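> Dropping the structure in here first, questions after.
No value in this document is a laboratory result; all are computed from the given coordinates. Note that the coordinates shown come from a computational prediction; the quantities given were computed from them, not determined experimentally. Cβ sites come from the backbone with ideal geometry, for glycine too, and all protein chains shown count toward neighbours.
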Amino acid sequence: MTTATTPVSKKEYILQPPRVAILHIIKSLGRGGAELLLPASLSTHDKEKFDFHYLYFLPWKNQVVHEIEQEGGTVVCFPAKNNVEIIMKAGKIAAYVRAHNIQLIHCHLPWAGIVGRIVGRLTGIPVVYTEHNKWERYHKLTYWMNKLSFASQQQVIAVSGEVARSIQTHYHRERPRIQVVQNGIDTGKFTRCRHMERDIRRELNIPANATVIGIACVFRVQKRLTIWLEIASRLQKKHPGIRFIIVGDGILRNEVHQKARELDMESHVYFAGLQTEMRPWLKAMDIFMMCSEFEGLPIALLEAMSMECVPACTDAGGIPEVIRDEVNGLLVPVSDPWQLAHRLSALLFQPKRLALMKRAARQTVVQHFSMKKMVAWLETIYNRVIQNNPRR
């Protein structure tokens with residue numbers, strides 16, 4: 001009796017090397033700027049070479065978990081109620097690192113950085129840390145814990161030159177190395193040329209010729225949304241047809257809504273709440289206004305500019321590295337955000353100039369702040385740090 005067998009191909013198969021496992025550690029996966037960078041960058045990374053894991057601690061802030069998983073990332077939550085509990089997770093994280101053969105730990109923001117450095121010392125795995133904010137803005141305990149543990153990492157990434165200068169002002173050692181890698185976005189995704197399932201202007205009955213000024217942010221003190229509403233009120237008095245949209249939510253929700261009522265702006269400002277898909281909202285806007293007290297390099301700003309919204313902002317943090325005043329947007333001092341009212345009022349009387357600035361805003365992001373450029377720098381850093389790891 002003969003048994004049929006499947007012919008064996010003589011084709012030689014080349015075994016692919018195992019993927020390099022990277023673990024991102026971040027406090028939460030809510031819809032903040034640092035958090036949103038994770039799924040966006042994952043979609044651009046070389047996933048044939050790298051295997052990405054994401055660890056977070058606040059289970060109630062999980063809005064981008066699904067987006068990361070859709071892009072092929074592995075997400076795990078080690079629940080912690082406060083920063084002390086986060087530090088106490090170091091042993092459990094170290095066990096995860098060993099079990100999944102993690103070769104590099106990439107931490108974001110101070111408390112994730114602090115626990116990540118402890119894990120790095122426990123496991124011998126190199127640590128990369130991204131600083132998204134200026135040091136002088138941190139709570140004193142956060143500042144000192146971050147500073148005291150800062151030497152226990154191999155590479156620091158600053159999202160802007162201003163953030164890098166802040167680190168250097170407060171931390172005077174030559175090591176770890178600090179490199180500026182400016183935030184980037186997917187300019188092919190954030191473009192007005194793409195079809196949108198929703199038409200926000202139609203949904204809100206906004207006339208086609210009406211100017212819309214908006215913002216997308218978490219309702220935090222630094223965003224100064226009550227001042228934002230005061231500026232909006234001044235503009236509305238001079239330009240009655242103007243409309244305003246605020247996308248987002250946060251702990252200051254009641255305070256912000258109360259301010260809108262006090263200014264009698266409820267019929268002129270639409271509060272959209274949290275949105276998982278920002279592009280239809282940005283497409284509805286002509287101007288993206290920010291009066292922040294401090295910033296790193298806002299992702300929401302880059303997304304808005306890529307969608308041809310003219311930025312009108314205070315010169316906080318890394319924002320001046322993006323906006324050239326009167327060329328691709330408007331820039332005013334952090335100390336005098338009310339200047340935005342008369343600067344924007346003048347611009348609204350010049351529609352041709354507004355149109356030119358819209359195009360210039362997008363061109364700036366396309367040329368200098370693309371996700372491809374950002375990810376290329378990150379992968380170069382990953383490769384260098386792993387190669388230089390003595391335990392490799």
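> What's the magnitude of the charge dipole for the range 151-295 around its Cα centre, counting Lys and Arg as +1 and Asp and Glu as -1 at the beta-carbon? Answer in Debye, nearest 20.
Dipole about the Cα centre, nearest 20: 260 debye.
> Please compute the contact order of the range 118-179 in relative form: average sequence separation of alpha-carbon pairs under 8 Å and at least six residues apart, divided by the residue count, as a percent.
39 percent
> Given an 8 Å cut-off on Cα distances and at least 6 residues of separation, report the relative contact order of the chain as a percent.
Value for the chain: 15 percent.
> Please list, by residue number, every one of the trypsin sites (Lys or Arg not before Pro) in the range 256-288 that is coil in DSSP and has at most 11 other beta-carbon atoms within 10 Å.
Within the range 256-288, no trypsin sites (Lys or Arg not before Pro) qualify (loop, at most 11 other Cβ atoms within 10 Å).
> Using only the C-alpha atoms of the range 200-368, find the volume of their convex hull and express it per residue in Å³. Walk me through the numbers before you get to the answer.
Details: hull volume 17.5 nm³, N = 169.
It is 103 Å³ per residue.
> Summing Lys, Arg as +1 and Asp, Glu as -1, what charge do residues with Cβ under 14 Å from the Cβ of D249 carry, D249 excluded?
Values: positive: R31, K61, R220, K223, R253; negative: E255.
Taking every other residue near D249 into account, the sum is +4.
> Beyond a 26 Å Cα-Cα separation, which of these cross-linked pairs lie in this structure: K47/K81; K189/K238; K189/K259; K47/K373?
K47/K81; K189/K238; K189/K259
> Related question: Picking from G273, A208, L330, whose Cα lies most toward the positive end of the charge dipole for the range 200-368 (charges on Cβ: Lys, Arg +1; Asp, Glu -1)?
So the residue we want is A208.
> 5 Å is the cut-off here: which amide hydrogens, built 1.01 Å from N in the peptide plane, fall below it relative to E131, excluding neighbours closer than 5 in sequence?
Amide H neighbours of E131: I157, A158, V159.
> Something else now. So for the chain: antiparallel DSSP bridges make up what percent, rounded to the nearest 5?
Antiparallel bridges make up about 0 percent of those DSSP assigns within the chain.
> I need the calculated FRET efficiency for the pair R202 and E266, taking r as the beta carbon distance and R₀ as 30 Å, to the nearest 0.05.
0.90
> Additional query: Once the dipole of the chain is set up with Lys and Arg at +1 and Asp and Glu at -1 on Cβ about the Cα centre, which of L340, M285, T74 lies farthest towards its positive end?
T74
> Let me ask you something else. Where in the chain is the longest stretch that carries no GluC sites (Glu not before Pro) classed as loop by DSSP and with at most 13 other Cβ atoms within 10 Å?
Maximal segment without exposed cleavage sites: 49-173.
> If you place +1 on the Cβ of every Lys and Arg, -1 on the Cβ of every Asp and Glu, and leave all else neutral, what size is the dipole of the chain about its Cα centre, to the nearest 20 Debye?
600 debye
> Additional query: Residue separation times 0.36 nm, minus the C-alpha to C-alpha distance between H342 and N388: what's the value?
Extra length available between H342 and N388 comes to 11.2 nm.
> Hey, what did the range 298-339 get for relative contact order, percent, Cα under 8 Å, at least 6 apart?
Values: 39 pairs, mean separation 14.6, N = 42.
Contact order relative to length: 35 percent.
> Can you give the extra length, in nm with one decimal, that the chain gains between Q168 and H139 once fully stretched, where that is 0.36 nm per residue apart less the Cα-Cα distance? Show your work: numbers first, answer last.
Working: separation 29, 0.36 × 29 = 10.44 nm, distance 1.81 nm.
Separation in residues times 0.36 nm, less the Cα-Cα distance, equals 8.6 nm.
> Shifting gears a bit: If exposed means no more than 14 neighbouring beta carbons inside 10 Å and the site is in a DSSP loop, what's the longest run of the chain without any exposed chymotrypsin sites (Phe, Trp or Tyr not before Pro)?
61-337
> Moving on. Quick one: putting +1 on the C-beta of Lys and Arg, -1 on the C-beta of Asp and Glu, what dipole do you get for the range 266-392 around its Cα centre, in Debye to the nearest 20?
My answer is approximately 720 debye.
> Sticking with this structure for a sec: Please list 153-161, 310-318, 36-44 highest first by mean number of surrounding beta-carbon atoms within 10 Å per residue.
310-318, 153-161, 36-44
> Still on this model: Gap in Å between the Cα centre of the range 285-353 and the Cα centre of the range 207-252?
Answer, in whole Å: 13.
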